[in-house]
């Protein structure tokens, strides 16, 4: 998906921007326990999934942080609703639940996974996991990030729920050692658990001011559309297998 100099340039530009926006790591909450904001997010989506269950054949959960939650966007402009629209346009009967929570770390995601899944009326066919950016921005040990993501994938596997990963990269100010430990997490886990990987969620978007919010780290509505256009074929292929 990424080749040669294109990958180097994209990661370098992204990393440079992270140096500026690192203080924004919290985004909305501290990524702690399943507080009332998380409850509202998941309960609202679970109610919608229940009410419209007859309208779809496949249930997908977008389980991540602010990049998934639709930070700074209207409710219908985020990753989950736009991915649902794109998949339906391609002929798939799907429902995509937004289980993104701004500020979430992998530890917080691990803590709320069961709560999220148990709050749905049906077992998802696929959970797309997009966590780790806040871990990196806070300098959390990559070993912890890896362990939490592995636990999430293990839990999904034990429930016989399909999984997919979207990746992140480390900012250079965290040091070469940190990057060498953090960056392989996603491809390693994708191989270990035999799940699809979209290597960098913001690929093709982060270096485009017209596709980003003023904070420089979250995509705007046009940016989400660009991301969905890249991610949808991978998700569609995975759903078509189920």
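The values are calculated or read from the model by the stated rules, or taken from the named source; none is laboratory data. This structure is a prediction, so every number in the text was calculated from the model and none was measured. Neighbour counts are summed over all protein chains in view; Cβ atoms, including those assigned to glycine, are modelled from backbone coordinates with ideal geometry.
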**Request:** Consider residue 99 carefully, then state whether it is under 18 Å from residue 225 (Cα atoms), touching a helix residue (DSSP H, G or I) at 6+ places or on another chain (Cβ under 7 Å) and assigned to a strand (DSSP E or B).
**Result:** no
**Asked** Does at least one position in region 153-170 carry a residue that is farther than 24 Å from residue 232 by Cα and modelled with pLDDT under 95?
**Response** yes
**Fill in**
residue 202 passes all but one of the listed conditions (1) crowded, with 19+ Cβ neighbours inside 10 Å; (2) more than 15 Å from the chain's Cα centre (by Cα); (3) within 27 Å of residue 113 (Cβ to Cβ); the exception is number (2)
**Complete:** Considering region 205-221, residues that are modelled with pLDDT of 95 or more and either under 15 Å from residue 169 (Cβ atoms) or touching a strand residue (DSSP E or B) at 6+ places or on another chain (Cβ under 9 Å) (or both), and then whichever is surrounded by the most Cβ atoms within 10 Å (Cβ to Cβ), we arrive at 219
**Asked** (1) in a helix (DSSP H, G or I); (2) at pLDDT 95 or above; (3) within 21 Å of residue 134 (Cα to Cα): which one isn't true of residue 232, the others all being true?
**Response** (3)
**Message:** Exactly one of these conditions fails for residue 132: (1) within 13 Å of the chain's Cα centre (by Cα); (2) on the phi < 0 side of the Ramachandran plot. Give me its number.
**Reply:** (2)
**Message:** Go through (1) assigned to a helix (DSSP H, G or I); (2) at pLDDT below 95; (3) buried (at least 18 other Cβ atoms within 10 Å of the Cβ) for residue 173 and report which single condition fails.
**Reply:** (3)
**Request:** Kindly indicate the residue of region 179-198 that is without any contact (Cβ under 8 Å) to a residue 40 or more places away in the chain and not in a helix (DSSP H, G or I) and also farthest from residue 103 (Cα to Cα) among those meeting that condition.
**Result:** 194
**Request:** Can you tell me which residue within region 85-111, out of those that are within 30 Å of residue 181 (Cα to Cα) and surrounded by fewer than 24 Cβ atoms within 10 Å (Cβ to Cβ), is farthest from the chain's Cα centre (by Cα)?
**Result:** 111
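Of all residues in region 199-229, which are in a helix (DSSP H, G or I) and either over 25 Å from residue 88 (Cα atoms) or touching a residue at least 60 places away in the same chain (Cβ under 8 Å) (or both)? Can you show your working first?
Filtering region 199-229 for residues in a helix (DSSP H, G or I) gives 209-211, 221-229.
209, 210, 221, 224, 225, 227, 228, 229, listed by residue number.
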**Request:** Collect the residues in region 84-96 that are closer than 24 Å to residue 217 by Cβ and in a strand (DSSP E or B), keeping them in residue-number order.
**Result:** 96
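Provide a single number: the residues in region 67-77 that are surrounded by fewer than 24 Cβ atoms within 10 Å (Cβ to Cβ) and either touching a residue at least 12 places away in the same chain (Cβ under 8 Å) or within 15 Å of the chain's Cα centre (by Cα) (or both). Before you say what the answer is, go through the steps one by one.
First, pick out the residues of region 67-77 that are surrounded by fewer than 24 Cβ atoms within 10 Å (Cβ to Cβ): 71-77.
Then drop every residue that is not either touching a residue at least 12 places away in the same chain (Cβ under 8 Å) or within 15 Å of the chain's Cα centre (by Cα) (or both), which leaves 71-74, 77.
Residues in region 67-77 being surrounded by fewer than 24 Cβ atoms within 10 Å (Cβ to Cβ) and either touching a residue at least 12 places away in the same chain (Cβ under 8 Å) or within 15 Å of the chain's Cα centre (by Cα) (or both): 5 in total.
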**Item:** Positions within region 124-139 being in contact with a helix residue (DSSP H, G or I) (Cβ under 8 Å, 6 or more places away or on another chain) and either surrounded by fewer than 18 Cβ atoms within 10 Å (Cβ to Cβ) or not in a helix (DSSP H, G or I) (or both), in sequence order
**Value:** 124, 125, 126, 127, 128, 129, 130, 131, 132, 139
